[in-house]
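What follows is a set of notes on a single structure, which appears directly below.
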Amino acid sequence: AANVLARYGGAEERWRVEAAAVLREVGLQPEAGPFLAPVDPVALRIPDYPSVVKTPMDLGTIRRKLQGGEYGRKEEIRADLELTMTNAMRYNPP
């Protein structure tokens, strides 16, 4: 988180540091495993995944985008977090 703050600095960008901390905490949860990396339909033997989930997203991709400065506003990271969960629910309905 400190390296993110050093890169962007300023209180107006503190959301980046907070988002990195939240991602780290979420990633440490036992239930986070399936969400840490992109879904591999071949390895998981779910060939229909790309036809069901049109815009894949995962916590690892979110972390990479955050570290790479690809999010300009906190609403963008929130949208990707919501997309991650929406995709999971779409492919694995209750």
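The values are calculated or read from the model by the stated rules, or taken from the named source; none is laboratory data. All of these numbers come straight from a predicted model, not from anything done at the bench. For neighbour counting, all protein chains shown are included, and Cβ atoms are generated from backbone atoms with ideal geometry for every residue, glycine included. When the accessible area is computed, the model is the full protein with side chains, heavy atoms only, and any ligands, DNA or RNA have been set aside. Shrake-Rupley method; radii C 1.70, N 1.55, O 1.52, S 1.80 Å.
A few notes on this one:
- Selection status of residue 37, small (Gly, Ala, Ser), touching a Gly at 6+ places or on another chain (Cβ under 9 Å) and at pLDDT 95 or above: yes
- Restricting attention to region 2-17 and to residues that are charged (D, E, K, R) and open to solvent by less than 100 Å² (accessible area, probe 1.4 Å), the residue that is modelled with the lowest pLDDT turns out to be 13.
- For region 37-87, a residue qualifies if it is aliphatic (A, V, I, L, M), open to solvent by less than 70 Å² (accessible area, probe 1.4 Å) and within 11 Å of the chain's Cα centre (by Cα), and the qualifying residues are 37, 57, 59, 62, 66, 77, 79, 81, 83.
- Filtered by the rule that a residue be under 22 Å from residue 29 (Cβ atoms) and of a type outside the set (A, V, I, L, M), region 72-92 gives 74, 78, 80, 82, 84, 86, 87, 90, 91, 92.
- The helices (runs of 4 or more DSSP H) located wholly in region 41-94 that include 1 or more residues which are over 22 Å from residue 16 (Cα atoms) occupy 49-52, 74-91.
- Taken over region 27-36, the residue count meeting the criterion of being open to solvent by 70 Å² or more (accessible area, probe 1.4 Å) and touching a residue at least 40 places away in the same chain (Cβ under 8 Å) is 1.
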